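Working notes, beginning with the structure itself.
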Amino acid sequence: MIDKKITEVKKMAVQVILRPLEYEDLPDVKQWYNDPSTLMMIGHTPKSLTDIEEMVEQMEQTKANIYVIESRQHEKLGWIHLTSINQSHGRAEIGLMLDRHHQGQGHGEAAMLQMLSYAFDHLRLNKVFLTTRGINEKARGLYEKLGFKIEGTFKDHCFVNGKYYDTYFMSLFESDWRH
């Protein structure tokens, strides 16, 4: 089964390139982050470029792995990161954000497969986790397709457009990734 997973990662990997985030990418991150549909899905308020810089600096101080997702033609599609990496406990949090014009085309799946392979094969983690809003059904569908399972539900945890939505805590274990 592990050979099937490796083949899947290699096949999907040809769709996107993950490269380390650079300072010049921050205006793009700001644009993706502040897109109205993205703000609704992640439940945050808009951020200035200074806010984005500070957020990335805080992530980097914790030894986060932050990558820009690019097409083979070097078009920036979004970003992906591993944060809260804890080698002692074998876990990390994963985050993904795509430009809305590049969603639904397999780029998120390809980036997630590469990052999960890195987390489990290189960092040798036991668990990768994330949170997602109940309103973000496309993201939840992708995560479930990749093998993530809901570990917990925060009921009515976010308020979007006049309605409360649940937030899901999801995880994928290395043993499930291999099968």
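The values are calculated or read from the model by the stated rules, or taken from the named source; none is laboratory data. Predicted model only: the values in this text are computed from it and were never measured. Neighbour counts run over all protein chains shown; Cβ positions are idealised from the backbone, glycine included.
What single numbered condition from (1) under 14 Å from Ile42 (Cβ atoms); (2) over 11 Å from the mean Cα position of the chain (by Cα); (3) of a type outside the set (Val, Ile, Thr) fails to hold for Gly95?
The failed condition is (2).
Of Glu53, Glu70, Glu60, which residue is more than 27 Å from Glu137 (Cα to Cα) and at pLDDT 95 or above?
Details: Glu70 fails: more than 27 Å from Glu137 (Cα to Cα); Glu60 fails: at pLDDT 95 or above.
Every option except Glu53 fails the conditions.
Only strands (runs of 3 or more DSSP E) wholly contained in the stretch 75-179 count here; list those with 1 or more residues that are at pLDDT 95 or above and surrounded by 17 or more Cβ atoms within 10 Å (Cβ to Cβ). Break it down stepwise before answering.
Details: elements: 76-86, 91-98, 127-133, 149-160, 163-173.
Per the criteria, 76-86, 91-98, 127-133, 163-173.
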